[in-house]
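This report refers to the structure that appears directly beneath it.
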Amino acid sequence: MKITESSRRVLVCQNRTCRKQGAAKVLAAFEKLSPSEVEVVASGCLGQCGNGPMVLVLPEEVWYSGVCAEEVAAITEQHLRGGKRVERMLYRKFHGFSQQP
Ligand code: FES
(Lines give C-alpha, C1' and ligand atoms only; values in the text may rest on other atoms or scores of the structure.)
Protein backbone atom coordinates (compact mmCIF):
# COMPACT_ATOMS: atom_id res chain seq x y z
CA MET A 1 0.00 0.00 0.00
CA LYS A 2 1.27 3.44 -0.91
CA ILE A 3 1.52 5.72 2.10
CA THR A 4 1.19 9.44 1.57
CA GLU A 5 1.91 12.14 4.10
CA SER A 6 -1.75 12.56 4.85
CA SER A 7 -2.35 8.84 5.35
CA ARG A 8 -3.76 7.97 8.69
CA ARG A 9 -1.71 5.62 10.79
CA VAL A 10 -2.38 3.97 14.12
CA LEU A 11 0.68 3.23 16.20
CA VAL A 12 0.18 0.58 18.85
CA CYS A 13 3.11 0.30 21.24
CA GLN A 14 4.45 -3.24 21.46
CA ASN A 15 7.33 -2.58 23.80
CA ARG A 16 7.72 -4.37 27.10
CA THR A 17 5.50 -2.43 29.48
CA CYS A 18 2.61 -2.07 27.08
CA ARG A 19 2.86 -5.74 26.11
CA LYS A 20 2.52 -6.71 29.75
CA GLN A 21 -0.66 -4.66 29.79
CA GLY A 22 -2.17 -6.47 26.81
CA ALA A 23 -0.88 -4.52 23.80
CA ALA A 24 -0.65 -7.59 21.56
CA LYS A 25 -4.42 -8.08 21.75
CA VAL A 26 -4.98 -4.39 21.12
CA LEU A 27 -2.80 -4.56 18.01
CA ALA A 28 -4.66 -7.64 16.76
CA ALA A 29 -7.98 -5.88 17.27
CA PHE A 30 -6.84 -2.83 15.30
CA GLU A 31 -5.56 -5.03 12.48
CA LYS A 32 -8.91 -6.74 12.33
CA LEU A 33 -11.22 -3.74 12.71
CA SER A 34 -9.45 -0.77 11.10
CA PRO A 35 -10.55 0.53 7.70
CA SER A 36 -8.27 -0.71 4.91
CA GLU A 37 -6.90 2.76 4.19
CA VAL A 38 -5.54 3.07 7.72
CA GLU A 39 -2.08 1.68 8.32
CA VAL A 40 -1.74 -0.16 11.63
CA VAL A 41 1.81 -0.13 12.95
CA ALA A 42 3.34 -2.18 15.75
CA SER A 43 5.53 0.52 17.24
CA GLY A 44 8.40 0.66 19.65
CA CYS A 45 8.11 2.46 22.96
CA LEU A 46 6.15 5.69 22.65
CA GLY A 47 7.74 7.08 25.80
CA GLN A 48 4.66 6.80 28.00
CA CYS A 49 5.36 3.50 29.74
CA GLY A 50 2.99 2.53 32.51
CA ASN A 51 -0.03 4.21 30.95
CA GLY A 52 -0.52 1.64 28.27
CA PRO A 53 -1.34 0.03 26.18
CA MET A 54 -0.61 3.27 24.35
CA VAL A 55 -2.14 4.08 20.98
CA LEU A 56 -1.22 7.08 18.83
CA VAL A 57 -3.31 8.12 15.84
CA LEU A 58 -1.48 10.11 13.14
CA PRO A 59 -1.34 12.57 11.51
CA GLU A 60 -3.64 14.28 14.03
CA GLU A 61 -1.55 13.13 17.01
CA VAL A 62 -4.37 11.87 19.15
CA TRP A 63 -3.23 9.69 22.04
CA TYR A 64 -5.22 6.97 23.77
CA SER A 65 -4.03 5.34 26.98
CA GLY A 66 -4.96 2.20 28.84
CA VAL A 67 -6.64 0.83 25.75
CA CYS A 68 -8.01 -2.69 26.01
CA ALA A 69 -8.94 -4.90 23.07
CA GLU A 70 -12.64 -4.55 23.82
CA GLU A 71 -12.39 -0.77 23.38
CA VAL A 72 -10.74 -0.84 19.98
CA ALA A 73 -14.08 -1.02 18.16
CA ALA A 74 -15.04 2.35 19.64
CA ILE A 75 -11.87 3.95 18.25
CA THR A 76 -12.19 2.35 14.82
CA GLU A 77 -15.86 3.26 14.47
CA GLN A 78 -15.96 6.70 16.02
CA HIS A 79 -12.48 8.03 15.25
CA LEU A 80 -11.08 6.18 12.23
CA ARG A 81 -14.39 5.93 10.37
CA GLY A 82 -16.33 8.81 11.89
CA GLY A 83 -13.52 11.33 12.31
CA LYS A 84 -14.46 12.09 15.92
CA ARG A 85 -12.02 11.19 18.64
CA VAL A 86 -13.25 9.17 21.61
CA GLU A 87 -13.06 11.72 24.41
CA ARG A 88 -13.44 9.33 27.32
CA MET A 89 -10.43 7.29 26.23
CA LEU A 90 -7.99 10.12 25.53
CA TYR A 91 -4.62 10.21 27.26
CA ARG A 92 -5.11 13.01 29.78
CA LYS A 93 -1.46 13.95 29.97
CA PHE A 94 -1.61 15.28 26.41
CA HIS A 95 -5.32 15.97 26.04
CA GLY A 96 -6.07 17.18 29.55
CA PHE A 97 -8.76 19.77 29.16
CA SER A 98 -8.31 20.52 25.51
CA GLN A 99 -11.43 20.65 23.39
CA GLN A 100 -9.56 20.98 20.13
CA PRO A 101 -10.84 18.79 17.31
S1 FES B 1 6.35 0.49 26.57
FE2 FES B 1 4.63 1.39 25.61
S3 FES B 1 4.99 3.50 25.87
FE4 FES B 1 6.79 2.59 26.61
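The values are calculated or read from the model by the stated rules, or taken from the named source; none is laboratory data. Here the structure is a predicted model, which is why all the values come from computation and not from measurement. Cβ sites come from the backbone with ideal geometry, for glycine too, and all protein chains shown count toward neighbours. To get the accessible areas, we keep the full protein, side chains included, count just its heavy atoms, and leave off ligands, DNA and RNA. Shrake-Rupley method; radii C 1.70, N 1.55, O 1.52, S 1.80 Å.
Worth pointing out:
- Some residue of region 14-25 being surrounded by fewer than 16 Cβ atoms within 10 Å (Cβ to Cβ), part of a loop (DSSP other than H, G, I, E, B) and charged (D, E, K, R): no
- Close Cβ contacts (under 6 Å, 6 or more residues apart or on different chains) running from residues in region 24-42 that are in contact (Cβ under 8 Å) with a residue 60 or more places away in the chain and more than 16 Å from Gln78 (Cβ to Cβ) to residues that are open to solvent by less than 50 Å² (accessible area, probe 1.4 Å) and in a loop (DSSP other than H, G, I, E, B) are absent.
- Residue selected from region 34-51 under the condition among the hydrophobic types (A, V, I, L, M, F, W, C) and within 8 Å of the ligand (Cβ to nearest atom), by the criterion nearest to Gly82 (Cα to Cα): Leu46
- Of all residues making up region 49-68, the number that are in a strand (DSSP E or B) and either within 8 Å of the chain's Cα centre (by Cα) or modelled with pLDDT under 95 (or both): 6
- Hits in region 69-88 (condition: over 14 Å from Leu11 (Cβ atoms) and part of a helix (DSSP H, G or I)): Ala69, Glu70, Glu71, Ala73, Ala74, Thr76, Glu77, Gln78, Arg81, Glu87, Arg88
- Close pairs (6 angstrom Cβ cut-off, 6 or more residues apart or separate chains): closer than 14 Å to Arg92 by Cα in region 49-68, among the hydrophobic types (A, V, I, L, M, F, W, C) and open to solvent by 50 Å² or more (accessible area, probe 1.4 Å) anywhere: Trp63/Phe94
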